[in-house]
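Below: one structure, written as structure tokens.
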Protein chains: 2
Amino acid sequence: MSELQRRPTLMDVAEAAGVSRALVSIVMRGAPGAAEATRQRVLQAASDLGYRADSRARLLRSSRTKLLGLAFSSSQPFHAEIVDAAYAEASAKGYEITLSAVAGGRPEARAIETLLDVGAEALIIIAPTLSVDDLALHARQVPVVSLLRDDVGDLVDSVSSDDHAGIALAVDHLVSLGHRRIVHVDGGTAVSSDKRREAYRTEMIRHRLQPVVVSGGPGEEDGMGAGQILQADLPTAVIAFNDRSALGIMESFRAAGISIPADVSVLGYDDSNFAKLSYVQLSSVSQDAPLLAAAAVGRAVDRIDGAKSPGSVVRTPHLVIRKTTARAPEGNSDT
Amino acid sequence: MSELQRRPTLMDVAEAAGVSRALVSIVMRGAPGAAEATRQRVLQAASDLGYRADSRARLLRSSRTKLLGLAFSSSQPFHAEIVDAAYAEASAKGYEITLSAVAGGRPEARAIETLLDVGAEALIIIAPTLSVDDLALHARQVPVVSLLRDDVGDLVDSVSSDDHAGIALAVDHLVSLGHRRIVHVDGGTAVSSDKRREAYRTEMIRHRLQPVVVSGGPGEEDGMGAGQILQADLPTAVIAFNDRSALGIMESFRAAGISIPADVSVLGYDDSNFAKLSYVQLSSVSQDAPLLAAAAVGRAVDRIDGAKSPGSVVRTPHLVIRKTTARAPEGNSDT
DNA sequence: TGGTTCAACTAGAACGATCTAGAAGATACT
DNA sequence: AGTATCTTCTAGATCGTTCTAGTTGAACCA
């Protein structure tokens, strides 16, 4: 019944159309050098046979794959947003993207192997955890672009978001609303947690305010825990490490009857999809996934096309104000 | 400085080791037919040169890619869970997986093209939206396994979860807790919404209870809307189309001061990652992503290895009871 | 001694595309 | 007419592997 027939080759199409292999190749690539009539005849034959070029053979010969390898972590919603955007950008530049996920039992190194095996011409790695040396090793073979991490040595490109600027936006926004007691719930050991914490400290001091950091983490649970601690001596505003943490903080406040933003303002980071939900409406610092993705794809393509030296691109995040931040409550002065 | 050097080939290794190309090939594949001493010499030369087999050439020749193509939707967290599990299962069976995402501007057809282009030997498509005819078309070329959808004709395999059994579990559970006024908030136009709604109806009738369906959808917002409606005449239990909808329903109840599960029990569907969160603790019907993924990969590999006819596998979901379901409140009799 | 068997190795043809160089035929120019 | 030029097409090499069919030489046996 459903037997798998051998895949037709250039030769089959050539015979069917009564021309040479080479000419079929010309027609299929849309290259110049074929008469219009013949072109039509060949295309007809090809579609009759259900011909589809074997990319292995094609790429073996031409050594161009037009393929960008993208390694991401399947458990991170933010990565998924970047993946989406990368597809769009790549296809606009005439490239395809192959994905490889870093999952539970699947280390980054493995994901990269796979990408190279299918012939990616460049690697885009979201938040690489590999050592600088390992990254450099791969960079000798193909251009490597690191996304969301910038301390990757000078052999690999990096595209990242300016954490300091993001936190500065957050602090400025809250200060301009009259807040003075602004606490930061940090990301614990998560990537870029250190940067954001330090940025928070310097920005607070710049405003001549007292920085207070409560330790947290990247998940809702971490936010919950931090929220409990904060209730003992409630500040007027909280800057969370990310949106998920913010969600936990808010949940803990709500359970205690603390109202947001009347009693306390909460600001997230990432502007994740769920921040937009009607019942969340979380104000957040947006890293703008589409822009980051576009920049990464752009770098990768430039490098493939011969741009000599790697460089680093830093994008400035922006603030998305929704319903969880408001003016500081009256008569709440600090130290 | 960082110039990309030409990738070393079998020939280079052969010269370095002073043997023929063929022998190097034998050694690299670990095939029998080389003396131990030579084998070591070749391996040494290979690692000195940093040799890594060109899979395009290899696969062109052997016409085996050991590659499974997996198409998924990047915006669905549940798909991500399946992807994770599929990786593990595939590598246990000696296969690699290439991913292709169905994203905003990127239709399923495009994703499939890409998978075939890189040489996938079989296609696993999560919740395919393609027509039965289109699927059959691809199935003539490679084995195709449909995940989470079973009406796909008899040329393609399907692995799905038994929606009727899942809903039956849900209804039975609530009935056993003494609930009689159980409402279903459906999934609107979402895939398998019809099936779950019908299953709910028959199961309710089987228990001689009055089925009541409120129309909803797959997102939190849809749940919110349905929650508002339900408040007018509160039932003792709600079965949501999925977890996200359940979350919306709960949020709407909470805002109205209705307590869960004291006043009303809420049951989700999917057992998503967030259902486990400490402040959610949602009871839910689990479709068991790892099992589904394993079954799909298993089918794909069997078909590649020559299993003749496609078949369909249906897995039975199970119930995960957490904190949102409890005994029905006393003295709340129905019609 | 001469034949068989076996392990260790190699030459060269695949695989299915692209690419280079050139042939054949039509057209234009002097 | 003779030649240059352009378009359309083709033969054959090539990419880096694997595979088939050997070849070589040593060991074994009667």
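Details
- Residue match in the range A:10-22 (condition: on the phi > 0 side of the Ramachandran plot and away from DNA strand D (no atom under 12 Å from the Cβ)): no
- Screening the range A:73-82 for residues that are open to solvent by less than 50 Å² (accessible area, probe 1.4 Å) and assigned to a helix (DSSP H, G or I) and picking the one that is nearest to the other protein chains (Cβ to nearest Cβ) gives A:80.
- Listed by position, the helices (runs of 4 or more DSSP H) contained in the range A:1-66 that have at least 2 residues being among the charged types (D, E, K, R), over 22 Å from residue B:65 (Cα atoms) and more than 7 Å from DNA strand C (Cβ to nearest atom) are A:10-17, A:36-49.
- Residue that is within 23 Å of the chain's Cα centre (by Cα) and without any contact (Cβ under 8 Å) to a residue 12 or more places away in the chain, where the choices are A:243, A:194, A:186: A:194
- Checking residue A:161 against (1) away from chain B (no Cβ under 14 Å); (2) in contact (Cβ under 8 Å) with a residue 60 or more places away in the chain; (3) out of contact with any helix residue (DSSP H, G or I) (no Cβ under 8 Å at 6 or more places or on another chain); (4) not aliphatic (A, V, I, L, M), the condition it does not meet: (3)
- Filtered residues of the range B:199-216 (kept if more than 23 Å from the chain's Cα centre (by Cα) and assigned to a helix (DSSP H, G or I)): B:200, B:201, B:202, B:203, B:204, B:205, B:206
- Counted residues, the range A:114-142 - those being surrounded by 15 or more Cβ atoms within 10 Å (Cβ to Cβ) and without any contact (Cβ under 8 Å) to a residue 12 or more places away in the chain: 1
- Of all the listed residues (A:37, A:57, A:85), the sole one being within 15 Å of DNA strand D (Cβ to nearest atom), within 11 Å of chain B (Cβ to nearest Cβ) and modelled with pLDDT of 85 or more is A:57.
- Single residue of A:56, A:29, A:61, A:41 found to be surrounded by 17 or more Cβ atoms within 10 Å (Cβ to Cβ), under 23 Å from residue A:13 (Cα atoms), free of Cβ contacts under 8 Å to residues at least 12 places away in the same chain and among the charged types (D, E, K, R): A:56
- When the range A:143-157 is limited to residues that are more than 9 Å from chain B (Cβ to nearest Cβ) and surrounded by fewer than 21 Cβ atoms within 10 Å (Cβ to Cβ), the one that is nearest to the chain's Cα centre (by Cα) turns out to be A:149.
- The residues on offer are B:199, B:289, and the sole one that is buried (at least 21 other Cβ atoms within 10 Å of the Cβ), of a type outside the set (Lys, Arg), within 25 Å of residue B:129 (Cα to Cα) and out of contact with any Phe, Trp or Tyr (no Cβ under 9 Å at 6 or more places or on another chain) is B:199.
- Filtered residue count, the range A:171-185, keeping only those that are open to solvent by 10 Å² or more (accessible area, probe 1.4 Å) and in contact with a Lys or Arg (Cβ under 7 Å, 6 or more places away or on another chain): 2
- Condition broken by residue B:46, with the remaining ones in (1) assigned by TED's automatic domain parsing to the domain that holds residue B:25; (2) open to solvent by 50 Å² or more (accessible area, probe 1.4 Å); (3) within 11 Å of DNA strand D (Cβ to nearest atom) satisfied: (2)
- Hits in the range B:40-54 (condition: away from every other protein chain (no Cβ under 14 Å) and under 41 Å from the mean Cα position of the chain (by Cα)): B:43, B:46
- Some residue of the range A:120-134 being under 20 Å from residue B:116 (Cβ atoms) and of a type outside the set (S, T, N, Q): yes
- Condition check for residue A:100: more than 9 Å from every other protein chain (Cβ to nearest Cβ) and either on the phi > 0 side of the Ramachandran plot or at pLDDT 85 or above (or both): no
- Among the candidates A:305, A:233, A:243, A:222, residue that is open to solvent by 40 Å² or more (accessible area, probe 1.4 Å), among the charged types (D, E, K, R) and closer than 19 Å to residue B:278 by Cβ: A:222
- Residue that is farthest from residue B:310 (Cα to Cα) [pool: residues in the range A:1-37 that are of a type in the set (S, T, N, Q) and out of contact with any helix residue (DSSP H, G or I) (no Cβ under 7 Å at 6 or more places or on another chain)]: A:9
- Residues that are open to solvent by less than 30 Å² (accessible area, probe 1.4 Å) and touching a His at 6+ places or on another chain (Cβ under 8 Å), drawn from the range B:186-196: B:196
- Of the listed requirements (1) in contact (Cβ under 8 Å) with a residue 40 or more places away in the chain; (2) among the small types (Gly, Ala, Ser); (3) more than 22 Å from residue B:312 (Cβ to Cβ); (4) surrounded by 18 or more Cβ atoms within 10 Å (Cβ to Cβ), residue B:85 misses just one: (3).
- Positions within the range B:88-100 being surrounded by 19 or more Cβ atoms within 10 Å (Cβ to Cβ), away from DNA strand D (no atom under 16 Å from the Cβ) and over 15 Å from the mean Cα position of the chain (by Cα), in sequence order: B:95
The values are calculated or read from the model by the stated rules, or taken from the named source; none is laboratory data. Computed from a predicted model, the values in this text were never measured in an experiment. Note that each Cβ is placed from the backbone with ideal geometry, even for glycine, and that neighbours are counted across all protein chains shown. Ligands, DNA and RNA are excluded from the accessible area calculation, which covers all protein heavy atoms including side chains. Shrake-Rupley method; radii C 1.70, N 1.55, O 1.52, S 1.80 Å.
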